[in-house]
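Participant: Just passing along the structure, written as structure tokens.
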Amino acid sequence: PAIATTTALATGLVCLELYKLVAPRPFHAFRNSFANLALPLFAISEPLPPAKHKRRVEKRVPDPINHPDYEEEEEIIAFPEGYTVWDKLIVPASAVGTLADFLAYFDTVHHIIVSAVSVTAPDGKAPLLYNELLKSTHKNLPLPMTKVLEEVGKIPLAARNYVNIAVSFHDSDDISVETPDVIFVLNNGANYPFLRPKS
């Protein structure tokens, strides 16, 4: 009975929030709920909006033990300015053929330069597909992107609609650029959840 009661309570609270999505309500109308029927404790709060990434200068101490007073400053650009964890950079497979096309896509469309590309393979390893400083990875540039993902990245694409690719960027002045997750959408994104590639 306790499981059914808790399940019913959680389901009811979720359904209330779903009604707010179906009949669009402002952000401040939504609620986070926490319930513990054993105590009894019920807590309802307003959710915080997601953090926005902005251009900034970060200070760091590279050697805090030997040189605690020495600080370095690094400028970091957020692209697009004010993006959140819910934003994604969508790259449709139809827009790129080879790995070189994938790199050129960001330079042409977003005016940012790719410095490294990697993926997380099913075994948990993160093979490096490309790095501008490692000439050994440049042999992958003329290969089709899907072939690079399957052979170098060890990712089986047959059952996938998209691949989350880790990409490092910088601008023309060699300043680091932070971006949302890069999603490589296969099959024209027909079954990609929530998002469709822009045409």
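Participant: How do the pairs read when you match residues in the range 152-178 that are closer than 15 Å to Ala93 by Cα and exposed (fewer than 15 other Cβ atoms within 10 Å of the Cβ) with residues anywhere that are modelled with pLDDT of 90 or more and among the polar types (S, T, N, Q), using Cβ under 9 Å and keeping only pairs 6 or more apart or on different chains?
Facilitator: From residues that are closer than 15 Å to Ala93 by Cα and exposed (fewer than 15 other Cβ atoms within 10 Å of the Cβ), the pairs are Asn164/Thr120.
Residues are listed down the side, and each one gets a yes or a no for (1) surrounded by 12 or more Cβ atoms within 10 Å (Cβ to Cβ); (2) acidic (Asp, Glu):
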site	(1), (2)
Glu17	yes, yes
Lys20	yes, no
Ala23	no, no
Glu71	no, yes
Leu99	yes, no
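Participant: Looking at (1) aliphatic (A, V, I, L, M); (2) surrounded by 11 or more Cβ atoms within 10 Å (Cβ to Cβ); (3) not in a strand (DSSP E or B), which one does Val117 not meet, given that it meets all the others?
Facilitator: Here Val117 clears every test but (3).
Participant: Against the definition (closer than 30 Å to His138 by Cβ and either in a helix (DSSP H, G or I) or touching a Leu at 6+ places or on another chain (Cβ under 9 Å) (or both)), how does Ser33 come out, yes or no? Spell out how you get there, then give the answer.
Facilitator: On the way: closer than 30 Å to His138 by Cβ: no; either in a helix (DSSP H, G or I) or touching a Leu at 6+ places or on another chain (Cβ under 9 Å) (or both): yes.
It is false that Ser33 is closer than 30 Å to His138 by Cβ and either in a helix (DSSP H, G or I) or touching a Leu at 6+ places or on another chain (Cβ under 9 Å) (or both).
Participant: Name the residue that is farthest from the chain's Cα centre (by Cα), counting only residues in the range 50-69 that are closer than 30 Å to Ala29 by Cβ and surrounded by 10 or more Cβ atoms within 10 Å (Cβ to Cβ).
Facilitator: Among those that are closer than 30 Å to Ala29 by Cβ and surrounded by 10 or more Cβ atoms within 10 Å (Cβ to Cβ), it is Lys54.
Participant: Kindly provide the set of residues from the range 127-140 that are open to solvent by less than 70 Å² (accessible area, probe 1.4 Å) and assigned to a loop (DSSP other than H, G, I, E, B), ordered by number.
Facilitator: Listed by number, the residues that qualify are Pro127, Glu132.
Participant: When Thr120 is evaluated against the numbered criteria (1) farther than 15 Å from Asp174 by Cα; (2) touching a Leu at 6+ places or on another chain (Cβ under 8 Å), which criterion, by number, is the only one it fails?
Facilitator: Of everything listed in (1) farther than 15 Å from Asp174 by Cα; (2) touching a Leu at 6+ places or on another chain (Cβ under 8 Å), Thr120 misses just condition (2).
Participant: Here's a follow-up. Taking the criterion of being out of contact with any His (no Cβ under 9 Å at 6 or more places or on another chain), at pLDDT 90 or above, of a type in the set (Val, Ile, Thr) and not in a helix (DSSP H, G or I), would at least one residue in the range 38-45 satisfy it?
Facilitator: Within the range 38-45 (the criterion being out of contact with any His (no Cβ under 9 Å at 6 or more places or on another chain), at pLDDT 90 or above, of a type in the set (Val, Ile, Thr) and not in a helix (DSSP H, G or I)), the answer is yes, since at least one residue qualifies.
Participant: Search the range 22-42 for residues that are more than 16 Å from Ala8 (Cα to Cα) and pair each with any residue that is among the charged types (D, E, K, R) when their beta-carbon atoms are under 6 Å apart and the residues are at least 6 apart or on different chains.
Facilitator: Matching pairs, first to second residue: Ala29/Lys20; Phe30/Lys20.
Participant: Another one. Quick one: is Leu48 at pLDDT below 90 and part of a loop (DSSP other than H, G, I, E, B)?
Facilitator: For Leu48, the condition - at pLDDT below 90 and part of a loop (DSSP other than H, G, I, E, B) - is met.
The values are calculated or read from the model by the stated rules, or taken from the named source; none is laboratory data. Quick caveat: nothing in here was measured; it's all calculated off a predicted structure. A quick note on method: Cβ atoms are made from the backbone with ideal geometry, for glycine too, and the neighbour counts reach across all protein chains shown. Keep in mind that these areas ignore ligands, DNA and RNA; they rest on the heavy atoms of the full protein, side chains included. Shrake-Rupley method; radii C 1.70, N 1.55, O 1.52, S 1.80 Å.
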